[in-house]
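Trainee: If you scroll down you'll find the structure; I have some questions about it.
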Amino acid sequence: MLDKEETMPTSGISQKDKRKLKALAHHIDPCVQIGRSGVSAGVLAMINQALDNHELIKVQMLEASELDRKVAPAEIATAVKAELIQVIGFKFALYRFSKDAKQHVLLDDEET
């Protein structure tokens, strides 16, 4: 019997894959920081580049940032066409499949 999470996906990624991505994101460090100036075109470009290179990234909003930490991650995910995987405090994880990535986060373990 499937649990309730697996029968009702909330986005383009299955709940099983989302749990796997959360576990993988736990061990990575933030590669982009959002500071006082907020989300600019430059910050979005850095997030896009990081997603193209790594697929799964973690972003940190500094406490000095005036962004709403509950709303901003979803808005950023929409702006860069990525899936919001998890928000914990001032950090959040994003995932987007990339043909250019050296390793594909979700495809690596499916072959075994």
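Trainee: Going by what's in this entry, would K99 be described as charged (D, E, K, R) and closer than 18 Å to S14 by Cα?
Mentor: no
Trainee: Which pairs have Cβ atoms under 9 Å, sit 6 or more apart or on different chains, and link a residue in segment 53-79 that is among the acidic types (D, E) to one that is part of a strand (DSSP E or B) and modelled with pLDDT under 90?
Mentor: Hits for this filter: zero, empty list.
Trainee: Could you check P73 against (1) surrounded by fewer than 18 Cβ atoms within 10 Å (Cβ to Cβ); (2) at pLDDT 95 or above and say which number it fails?
Mentor: In the conditions (1) surrounded by fewer than 18 Cβ atoms within 10 Å (Cβ to Cβ); (2) at pLDDT 95 or above, P73 misses (1) alone.
Trainee: Please indicate, with yes or no, whether at least one residue in segment 43-52 is of a type in the set (D, E) and loosely packed, with under 12 Cβ neighbours inside 10 Å.
Mentor: The answer is no; no qualifying residue exists.
Trainee: Name the residues in segment 32-85 that are touching a Phe, Trp or Tyr at 6+ places or on another chain (Cβ under 8 Å) and on the phi > 0 side of the Ramachandran plot, would you?
Mentor: Within segment 32-85, E55 is the sole residue that qualifies.
Trainee: All but one of (1) polar (S, T, N, Q); (2) at pLDDT 95 or above; (3) crowded, with 17+ Cβ neighbours inside 10 Å hold for T78; which doesn't?
Mentor: (3)
Trainee: Kindly indicate whether any position in segment 11-19 is closer than 13 Å to F92 by Cβ and either buried (at least 16 other Cβ atoms within 10 Å of the Cβ) or in contact with a Pro (Cβ under 9 Å, 6 or more places away or on another chain) (or both).
Mentor: no
The values are calculated or read from the model by the stated rules, or taken from the named source; none is laboratory data. In this text the structure is predicted, and so the values were computed from the model without any measurement. Quick reminder, even Gly has a Cβ in these numbers, built from the backbone with ideal geometry, and neighbours come from all protein chains shown.
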